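The values are calculated or read from the model by the stated rules, or taken from the named source; none is laboratory data. Note that the structure is a prediction, hence the values are computed from the model and not measured. Here Cβ is always computed from backbone atoms with ideal geometry, including for glycine, and neighbour counts include all displayed protein chains. With ligands, DNA and RNA removed, areas are computed over all heavy atoms of the protein, side chains included. Shrake-Rupley method; radii C 1.70, N 1.55, O 1.52, S 1.80 Å.
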Amino acid sequence: MDTPFEIFLSAPPGLETLLAEEAAEQGFAAPEAVAGGVVTSGGWPEVWRANLCLRGASRVLIRIAEFRAFHLAQLDKRAKKVDWAAYLPKGADVRVDVTCRASKIYHDRAARSRVAGAMEAAGLKAGAEGTFRVMVRIEDDLVTVSLDTSGELLHRRGYKEAVGKAPLRETLAACFLRAAGYRGTETVVDPMCGSGTFVIEAAEIALGLAPGRARGFAFEAFPTFDAKAYDAIRSDAGLEARPTDCRFFGADRDDGAIRGSTANAERAGVSGVCTFTRAPVSALERPDGPPGLVMVNPPYGARIGDRKLLFGLYGSLGAVLKERFGGWRLGMVTSDGGLAKATGLELDAGPQVAFGGLKVRLYQARI
């Protein structure tokens, strides 16, 4: 149970250091930001806890084998030596993904066929589709075999049934909130809340709720799974809300968005600290209490909205913030620097982050 693996926490490129920071705060061993994620180590309890508790990770992978292979016959032979039965249930349907780079084995499909054959010899059903996922990377003739322990991507928290157009993933929202300095101790307002992702994620952080508390994971079907030990981890991870004086507000001009956000917050168990109101940006009001964080993912014109018309929206947002939110901070996600500039605020631009085929940035300002 405690034999350490190399654990890989995947993250969108550009957000790796934020996930490494979160993993360090959560007590994971020496997390190191690398391209596409974070490398750490630990036994099965750490794998379970990473899935359950990390807000910024997209998947949790474990490395189960590593070997050299210079031709397909060698790959076939060494893949058959992997103890597949130690990790996957007998007869399981497994999706096999193979990538080859700068190696003598260069044909992804041929390599996948050899690995699939090795898995089938061990009593598994391997192919392009499957309940479980094995990822094989062949780079500089080194074969690395990893197992996805998460199943569905981790942004699927289990409560968001109602989604709007181009919804922001919860994992991205968590990383952007962290980048904006949010740690669960201040009020958060989203004036274009859509399905409520920023508001609900911020509320969960303040209430100390584990992001994976309402969903299952692939590892629960593995032969190594210990339900009793996992229940103990869950009981310590944040299944019940802790008290908070913070409140969280979302507004949107679309009735459907407000109904969906309200329903999502109820399913997430955070409706007691969240308020959603149908209102345009021009009607945005500052909540009572000390300054907090305005966090917003407005339309950028790439997929939603006409870019020419959006300059007025961004200008209105900036004017309202300057008039009513003095002392607050702004975190704004957009792919368009010109639109960001239209707010009239002095903005600092963060690194580019891949989101839905676009490159977005978090722009921050003190109002």
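Can you confirm whether the range 220-230 contains a residue that is surrounded by 22 or more Cβ atoms within 10 Å (Cβ to Cβ) and more than 16 Å from the chain's Cα centre (by Cα)?
Step one: filter the range 220-230 for residues surrounded by 22 or more Cβ atoms within 10 Å (Cβ to Cβ), giving none.
Checked against the condition, which is being surrounded by 22 or more Cβ atoms within 10 Å (Cβ to Cβ) and more than 16 Å from the chain's Cα centre (by Cα), the range 220-230 yields no hits at all.
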Being touching a residue at least 12 places away in the same chain (Cβ under 8 Å), open to solvent by 80 Å² or more (accessible area, probe 1.4 Å) and within 21 Å of Gly289 (Cα to Cα) is the filter here; which residues of the range 306-329 pass it? Lys322
Ser271 fails exactly one of the following numbered conditions: (1) closer than 17 Å to Arg169 by Cα; (2) over 21 Å from the mean Cα position of the chain (by Cα). What is the number of that condition? (1)
Where the second residue is of a type in the set (D, E, K, R) and open to solvent by less than 10 Å² (accessible area, probe 1.4 Å) and the first is more than 17 Å from Lys228 (Cα to Cα) and lies in the range 29-56, which pairs have Cβ atoms under 9 Å and are six or more apart or on separate chains? Arg55/Glu170; Arg55/Glu201; Arg55/Glu204
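Identify, please: which residue in the range 236-264 is small (Gly, Ala, Ser) and closer than 24 Å to Arg183 by Cβ and is, among those, farthest from the chain's Cα centre (by Cα)?
Ala251
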May I ask you to verify whether Glu161 is over 18 Å from the mean Cα position of the chain (by Cα), at pLDDT below 95 and on the phi < 0 side of the Ramachandran plot? no
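Could we say that Thr144 is open to solvent by less than 20 Å² (accessible area, probe 1.4 Å), within 28 Å of Ala221 (Cα to Cα) and of a type outside the set (A, V, I, L, M, F, W, C) here? Spell out how you get there, then give the answer.
Values: open to solvent by less than 20 Å² (accessible area, probe 1.4 Å): yes; within 28 Å of Ala221 (Cα to Cα): yes; of a type outside the set (A, V, I, L, M, F, W, C): yes.
Yes: the conditions hold for Thr144.
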Look through the range 92-118, keep the residues that are in contact with a Leu (Cβ under 8 Å, 6 or more places away or on another chain) and of a type in the set (A, V, I, L, M), and return whichever of them is surrounded by the fewest Cβ atoms within 10 Å (Cβ to Cβ). Ala110
Condition first: farther than 12 Å from Ala251 by Cα and aromatic (Phe, Trp, Tyr). Now tell me which residues in the range 269-327 satisfy that. Tyr300, Phe311, Tyr314, Phe325
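I need the full set of residues from the range 257-285 which are in contact with a Cys (Cβ under 6 Å, 6 or more places away or on another chain) and closer than 26 Å to Arg324 by Cα, in order please. Let's see the steps before the verdict.
Filtering the range 257-285 for residues in contact with a Cys (Cβ under 6 Å, 6 or more places away or on another chain) gives 261, 265.
Ser261 - this is the single residue of the range 257-285 that is in contact with a Cys (Cβ under 6 Å, 6 or more places away or on another chain) and closer than 26 Å to Arg324 by Cα.
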Can you say whether Leu154 is surrounded by 18 or more Cβ atoms within 10 Å (Cβ to Cβ), assigned to a loop (DSSP other than H, G, I, E, B) and in contact with an Asp or Glu (Cβ under 9 Å, 6 or more places away or on another chain), as far as the supplied structure shows? yes
Hey, can you tell me all the residues within the range 234-273 that are open to solvent by less than 20 Å² (accessible area, probe 1.4 Å) and either assigned to a loop (DSSP other than H, G, I, E, B) or not aliphatic (A, V, I, L, M) (or both)? Gly238, Cys246, Phe248, Gly250, Gly260, Ser261, Asn264, Val270
Do you know which of the residues in the range 330-367 that are more than 25 Å from Pro13 (Cβ to Cβ) and either polar (S, T, N, Q) or touching a residue at least 60 places away in the same chain (Cβ under 8 Å) (or both) is surrounded by the fewest Cβ atoms within 10 Å (Cβ to Cβ)? Ile367
Would you pick out the residues in the range 175-196 that are open to solvent by less than 10 Å² (accessible area, probe 1.4 Å) and in a helix (DSSP H, G or I)? Cys175, Phe176, Leu177
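Taking the condition free of Cβ contacts under 8 Å to residues at least 24 places away in the same chain and at positive phi, does Gly14 pass? Full working, then the answer.
Values: free of Cβ contacts under 8 Å to residues at least 24 places away in the same chain: no; at positive phi: yes.
Judged against the criteria, Gly14 is not a match.
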Anything in the range 354-365 that is under 16 Å from Met295 (Cβ atoms) and touching a Phe, Trp or Tyr at 6+ places or on another chain (Cβ under 8 Å)? List them, or say none. Val360, Leu362
Hits in the range 128-139 - residues which are surrounded by 15 or more Cβ atoms within 10 Å (Cβ to Cβ) and under 23 Å from Phe70 (Cα atoms): Val134, Met135, Val136, Arg137, Ile138
